[in-house]
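Before any comments, here is the structure.
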Amino acid sequence: MAEQTKKQMWHGIPREEVPWHPAVDANKCIGCTLCYVTCGRGVYDMKDNKAVVANPLNCMVGCATCGTVCPVQAISFPGRDLIWKLEREHKIFSIVRKEFAEKKGKLDAIKARAAAEEAVAKLTTSARMEVAGEFGEKRFLVKLEELVKGRPYDIANLRLEVPTVKGALEKTPSFMTFDITSTEQEDIDSFLPELRNLIRDNSLVLVSENKL
Ligand code: SF4
Ligand code: SF4
């Protein structure tokens, strides 16, 4: 089935019934291309070094920018009275109010989403800890597990660096690094002190703590 083209409208009036678009006086035009480059709606084309109005209905009703910048005043528009007359005759303002509500709703939603994303970006949702000490008999790991059990936190990327097997048997200090993360993308700032206490209470040393 052929795709139907959506009819262009201007506040409830079919766009083809709004005769607002530029007209170029080819005798005056010097082919500088400024109107072509300035218009963001693809209204113009250049032919034989002259500007031509190729897509008049793409022109934004009420805009006259290209006419303002043309260095030789080769571009003209219908009088503004025409627009005021159309506004009155078609009683466009009830439609304009609806369009305003829709546009404002969309913009407010975009702003609210941006604010929410900014707030989430400011949260600390994970941190990397480096701990040194003697981790014998896995007791620290067990306590770590107990600390996060049933709570919205998890431990990831856990790595234990033991200098040598003999060293471990002889209880030589080792290093452990791990990431503490929120499983619900919440701020973990209030949880970090518990973790620091656990490290201290196990006679370990917190070497570094970096928010990720
Ligand atoms: S800005 Fe004026 S002179 Fe330059 S191309 Fe357009 S109509 Fe012609
Ligand atoms: S009036 Fe504005 S929208 Fe219309 S052709 Fe000129 S620059 Fe483009």
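The values are calculated or read from the model by the stated rules, or taken from the named source; none is laboratory data. Everything numeric in this text was worked out from a predicted model, so none of it was measured. Neighbour counts are summed over all protein chains in view; Cβ atoms, including those assigned to glycine, are modelled from backbone coordinates with ideal geometry. Surface areas here come from the heavy atoms of the whole protein model, side chains and all, with no ligands, DNA or RNA. Shrake-Rupley method; radii C 1.70, N 1.55, O 1.52, S 1.80 Å.
Observations, loosely collected:
- Residue in the stretch 176-197 that is small (Gly, Ala, Ser) and more than 30 Å from GLU117 (Cβ to Cβ) present: no
- Some residue of the stretch 195-203 being part of a helix (DSSP H, G or I), open to solvent by less than 50 Å² (accessible area, probe 1.4 Å) and without any contact (Cβ under 8 Å) to a residue 60 or more places away in the chain: yes
- Residue that is nearest to the chain's Cα centre (by Cα), among those in the stretch 34-84 that are among the basic types (Lys, Arg) and more than 7 Å from ligand 2 (Cβ to nearest atom): ARG80
- Helices (runs of 4 or more DSSP H) contained in the stretch 74-158 and holding at least 3 residues of a type in the set (Gly, Ala, Ser), out of contact with any Gly (no Cβ under 8 Å at 6 or more places or on another chain) and surrounded by 10 or more Cβ atoms within 10 Å (Cβ to Cβ): 93-122
- Scanning the stretch 32-48 for residues that are within 9 Å of ligand 1 (Cβ to nearest atom) and part of a loop (DSSP other than H, G, I, E, B) turns up CYS32, THR33.
- If only residues of the stretch 62-73 that are in a helix (DSSP H, G or I) and open to solvent by less than 50 Å² (accessible area, probe 1.4 Å) are counted, the one that is nearest to ASP25 (Cα to Cα) is GLY67.
- Residue list for the stretch 33-50, filter: open to solvent by 60 Å² or more (accessible area, probe 1.4 Å) and within 15 Å of VAL72 (Cα to Cα): LEU34, TYR36, ASN49, LYS50
- For the stretch 21-31, filtered to residues that are in a loop (DSSP other than H, G, I, E, B) and more than 8 Å from ligand 2 (Cβ to nearest atom), the residue that is surrounded by the most Cβ atoms within 10 Å (Cβ to Cβ) is CYS29.
- Across the stretch 178-194, the number of residues qualifying as touching a residue at least 60 places away in the same chain (Cβ under 8 Å) and either open to solvent by less than 90 Å² (accessible area, probe 1.4 Å) or under 18 Å from GLU161 (Cβ atoms) (or both) comes to 4.
- Verdict on CYS29 being within 16 Å of ligand 1 (Cβ to nearest atom) and under 30 Å from the mean Cα position of the chain (by Cα): no
- Annotation note: Cβ proximity below 7 Å between a residue of the stretch 53-79 that is on the phi > 0 side of the Ramachandran plot and a residue that is open to solvent by 60 Å² or more (accessible area, probe 1.4 Å) (sequence gap 6+ or interchain) occurs for GLN73/LYS28.
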